[in-house]
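Please read the structure below before turning to the comments.
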Amino acid sequence: MVGPRNRKHILVPGRADREPYLKPRRKMDIKGPPAPPDRAAHGRALKKAFELAVGEAHQRRLDAAIKIHDAAPGLYVQFESPPGVPLNIASLENRIQRIEVVAVTSRAGVDQDDGPPIEQATVFVPEGKVSHFLKRFEDYAKTTPKVKGERRHEDMLDRVADLQLATLRSLWTDATTAYPADDEKIWWEVWLRRHDGKELQRIIEFAGHQKLTISDRRLQFDGCRFESGQLKQPD
């Protein structure tokens with residue numbers, strides 16, 4: 001029996017067909033990327049880059065001197081893959097700790113317009129949860145023999161070539177050619193992930209501090225965790 005429609009904005013024409021699941025005839029062995037030349041050095045370099053990003057984010061918050069009621073402080077970190085190697089996106093998230101991947105994009109390598117793409121993932125890390133990644137970098141960099149059942153997160157960090165504090169451009173998922181110039185004033189479409197229902201109040205409060213104009217037009221998806229609106233820089 002077909003259940004009631006609870007996503008009225010999604011329309012699927014025609015009827016669905018049902019097919020039985022067929023187990024693959026052989027084991028599917030998906031190989032991971034090659035390990036870096038020195039995993040220990042790679043892990044230490046990632047840890048240092050992450051600590052620099054944490055320090056820079058903290059200093060920027062102090063310089064901005066803006067406090068938003070009920071806002072969860074944190075930082076956005078951009079992880080970048082080697083050319084032609086996809087990131088393990090699922091491993092970069094931890095919903096229990098509210099660590100979320102908020103944007104995933106890809107670009108061509110330097111001077112390689114048609115070369116292997118580099119994948120980039122922007123991850124929000126709440127304040128107080130940075131140890132989640134620091135522990136993984138430390139485990140990955142160990143040089144002692146692994147014990148049974150020990151996780152060193154190779155499939156996660158072998159795929160990360162570099163990381164840095166994210167910028168506004170790191171959240172841009174449209175064509176790179178459409179990104180506005182530094183002196184260009186545009187309307188920005190802002191997507192809010194719904195957690196406690198106070199996201200709109202917080203962005204209005206932030207806009208007041210920054211003298212940003214917020215449009216009255218908004219789009220809310222029924223039953224989803226997203227809400228969209230527009231804001232614009234001051235003239």
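The values are calculated or read from the model by the stated rules, or taken from the named source; none is laboratory data. Because the structure is predicted, anything quoted here is derived from the model rather than measured. Using ideal geometry, Cβ is built from the backbone for each residue, glycine included, and neighbour counts are taken over all protein chains shown.
Just to be sure, is residue 132 exposed (fewer than 15 other Cβ atoms within 10 Å of the Cβ) and at pLDDT 95 or above? So residue 132 passes the test. The residue pairs whose first member lies in region 66-82 and is in contact (Cβ under 8 Å) with a residue 12 or more places away in the chain and loosely packed, with under 12 Cβ neighbours inside 10 Å, whose second member is in a loop (DSSP other than H, G, I, E, B) and not polar (S, T, N, Q), and whose beta carbons are closer than 6 Å, counting only pairs six or more residues apart or on different chains, are 70/198.
In the set 97, 59, which member is within 25 Å of the chain's Cα centre (by Cα) and either surrounded by fewer than 13 Cβ atoms within 10 Å (Cβ to Cβ) or closer than 30 Å to residue 175 by Cβ (or both)?
Matching residue, one of 97, 59: 59.
Conditions (1) touching a strand residue (DSSP E or B) at 6+ places or on another chain (Cβ under 8 Å); (2) at pLDDT below 95; (3) assigned by TED's automatic domain parsing to the domain that holds residue 118; (4) not small (Gly, Ala, Ser), marked per residue:
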position: 53; (1), (2), (3), (4): yes, no, yes, no
position: 66; (1), (2), (3), (4): no, yes, yes, yes
position: 70; (1), (2), (3), (4): no, yes, yes, yes
position: 81; (1), (2), (3), (4): yes, no, yes, no
position: 90; (1), (2), (3), (4): no, no, yes, no
position: 93; (1), (2), (3), (4): yes, no, yes, yes
position: 99; (1), (2), (3), (4): yes, no, yes, yes
position: 102; (1), (2), (3), (4): yes, yes, yes, yes
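Looking at region 30-82 only, could you name the residues that are β-branched (Val, Ile, Thr) and touching a Phe, Trp or Tyr at 6+ places or on another chain (Cβ under 8 Å)?
We begin by selecting, within region 30-82, every residue β-branched (Val, Ile, Thr); these are 30, 54, 66, 68, 77.
Across region 30-82, the qualifying residues are 66, 68, 77.
The lone criterion from (1) in a strand (DSSP E or B); (2) farther than 17 Å from residue 129 by Cα left unmet by residue 40 is number (1). Taken over region 9-33, the criterion of being at pLDDT below 80 and in contact with an Asp or Glu (Cβ under 9 Å, 6 or more places away or on another chain) is satisfied by 9, 32.
Filter region 52-74 for residues that are part of a loop (DSSP other than H, G, I, E, B) and among the small types (Gly, Ala, Ser); which is farthest from residue 124 (Cα to Cα)? Going through the qualifying residues, I end up with 65.
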